[in-house]
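Only one structure is covered here, and it is reproduced in the block below.
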Amino acid sequence: MSHLHGQDPRVIIARRCAQELRDGEVVNLGIGIPTMTANYLPPGVNVIFHSENGCFGFGPKPGTLDADSDISNASTEPVTLLPGAAIMDLATSLGAMRNGYIATSVLGGLEVDQEGNLANWAHKRQGKWWPGIGGGMDLCHGVPRIIAALQHTDKHGHSKIKKRTLLPLTGRNCVKTIVTDHAVFDVTAEGLILREAYPGLNVDNIRSITEADFAVAADFRPMQL
Amino acid sequence: MSINKVMTLEAAMAHVPAGTRLMMGEFVGAGEPARCIEYMVAHKIGRLTLIAVTSGLRGDFLMGKLFAAGLVEEYIGTHVATSTEASDAYLSGQMRVKEIFPMGTWAEKVRAGAMGLGGCLVPVGVGILDAPGLFPEMTEPKRTIEINGRTFFVEEPLTAEVSIIRGGRADALGNVEFRYMAAQNQKDIAMAGKFTIAEVNEIVPVGTIPPERVGCPGPFVNAVVQGYTLEEQHRLYRDNWIKLGRLPKLPEGEEA
C-alpha cells in the first residue's frame, strides 16, 4: 500500500480501532487484526476484554516460562488474567455474546457493505463454503456496536467495501463503524458516511477504491494516528 | 464407599471402538484430552463421528492428529479450519460436514443433550443459515418457529455414545475440578455422553476437591484416567506455542 509508506496496514487499522473503544466497556476482539487492537489503547482508556472461550478480564501475553496451558484466549494464544478477571463456562460466555452483555466487538471481515452487512466466515474453496462460523455470528446477533476492521481492498485492488455483499453473511445490518487502512465510515440508516481518511488522502482517493456509495461527514478529517 | 472409577487408559478406551459417535471437550486445541487422543491415533480408531466445538489447533497438535490420520468420518461443530489438518480432510471430501453451527448454538445443542431437553430455540442466523445451497449435504431444511413475533431455529440436542473430557484433578468418585479456561463446556459434554471418560492431570483422594470446586460431579463420569501431569501439559503447550511463534523461544540452555 503505497499511501502507507511501508507501514503495516494491519497496524494502522488496529491503532485506529483502538480509538473507538470507550473507557470501562466490555469488548470482544475477533481473530486477526482485531486482536492487535488491544496493543494500542489510548492512555486513560481501560476496557474489560471478553474472550469467547469463557473469560472477562484477560490481560497481555505472559513470559514463555509463565505461560499456563489452561489460560489462553479464543485463538489459543497464551494470555494472563488481570485482577478482577472472571471465568465462565462456554454456554454462558456465548450467552453473554448473544444476549447483549458485550458492548462492542471488533471483527475482521472478508467483505462489508453499505447496509452494514458483514461477511467473514465463508468463501468458496474447491466448490465448498469454507471455513467456519465460530462465535462471530453470535456477536453480530447480540452486540450493539460491531466495528468491522479490514483492509480496504483485496490483493487485486478490488474494494472490500461493497454496495451489497454476495458472500454468506455473518450478520445483517449489524456493523456500526468500518475501519480500514484508508478510511473510517459510519453506517447509518441513510447509508455510509465517510468520517476520516488516512492522512494525505482526499475524498476522491477514497471514492476511487470504494465500490459502496457514501456521503461525506461535515467534519470529515484525517485520521489522528 | 466402594465406587472406584479410576481405570487404565486401555480399559477406558475399550469403550471407544471404530465408528463411535464421540463428543470431546476442547477449544482450538485448549483443554483437549491428550492421552486419549494419542491412544486413538496409535490404535487407528477410525470412522468416528466427532462432535467438538472447533477442529483443534494446527501444528500436528493433539486433536488435529485425528483428522490428519483420517480417523474422522464426520465432524459436527462450529469451524472446520482452526486446524489445517481438518480443513484438508474437509476440502478433500474425506470428512463429511453436513452443517456448521454458530458457537452459541452448538453449545446450547450440547446443553440440550446434557439436560434431557427436546432441543432449543435459537434466533442466531435466521435468514442466513437457512439460505438454499449453503449446506448441500443437509437433507432437510432448517426448521423455524415463531414465538411472540420473533423467528427461531428449532435445534435438536446433540448426544454421543462416548464423551471424553479433560480436567485438572479428579477423584475415584469421578468428581472433576477444572482449571481456568479449560472448564469450557466439559461438564455439559460429560452429561451428553452415554459413557464418559475424564482424563485429568492428577488423581486425588476422595474429599480432596472442595465440593464447591467440583466442576463436573462424579455421577456424570464413568471412567477417570491419568493424563499428562500439569507440568508435562504446560511443556506440551509451551513447545507448540513456541513452534507457532506465539511465545518467544527460551534462551539457550534455559529449561523449564
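Every number in this text was worked out from the coordinates using simple rules, so none of it is lab data. It should be emphasised that the depicted structure is a prediction, and the values quoted were computed from it without experimental measurement. We place every Cβ from the backbone using ideal geometry, glycine too, and count neighbours over all the protein chains shown.
A compact table of results
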item	result
Only one of B:189, B:209 that is more than 10 Å from every other protein chain (Cβ to nearest Cβ) and surrounded by 20 or more Cβ atoms within 10 Å (Cβ to Cβ)	B:209
Top-ranked residue in the range B:73-104 [being at the interface with chain A (Cβ under 8 Å from one of its Cβ atoms) and in a helix (DSSP H, G or I); ranked as nearest to the chain's Cα centre (by Cα)]	B:103
Which listed residue is under 20 Å from residue A:130 (Cβ atoms) and either in contact with a strand residue (DSSP E or B) (Cβ under 7 Å, 6 or more places away or on another chain) or basic (Lys, Arg) (or both), from B:85, B:74	B:74
Qualifying positions in the range B:11-58 - among the basic types (Lys, Arg) and either under 18 Å from residue A:69 (Cα atoms) or not in a loop (DSSP other than H, G, I, E, B) (or both)	B:21, B:35, B:58
Hits in the range B:218-256 - residues which are part of a loop (DSSP other than H, G, I, E, B), touching a helix residue (DSSP H, G or I) at 6+ places or on another chain (Cβ under 7 Å) and either within 30 Å of residue B:206 (Cβ to Cβ) or not small (Gly, Ala, Ser) (or both)	B:221, B:227, B:228, B:247, B:248, B:249, B:250
Residue that is nearest to the other protein chains (Cβ to nearest Cβ) [pool: residues in the range A:117-153 that are farther than 23 Å from residue B:99 by Cα and surrounded by 24 or more Cβ atoms within 10 Å (Cβ to Cβ)]	A:143
Any hit, the range A:183-202, residues being crowded, with 16+ Cβ neighbours inside 10 Å and within 14 Å of another protein chain (Cβ to nearest Cβ)	no
Where residue A:7 falls short, out of the listed (1) touching a strand residue (DSSP E or B) at 6+ places or on another chain (Cβ under 7 Å); (2) exposed (fewer than 15 other Cβ atoms within 10 Å of the Cβ)	(1)
Filter result (among the basic types (Lys, Arg) and closer than 15 Å to residue A:148 by Cα) within the range A:166-225	A:172, A:176, A:195
Only listed residue being assigned to a loop (DSSP other than H, G, I, E, B) and either surrounded by fewer than 21 Cβ atoms within 10 Å (Cβ to Cβ) or of a type in the set (Asp, Glu) (or both), chosen from B:125, B:70	B:70
Any hit, the range A:42-57, residues being part of a helix (DSSP H, G or I), aliphatic (A, V, I, L, M) and surrounded by fewer than 22 Cβ atoms within 10 Å (Cβ to Cβ)	no
For residue B:161: the one exception among (1) within 14 Å of chain A (Cβ to nearest Cβ); (2) more than 26 Å from residue A:54 (Cα to Cα)	(1)
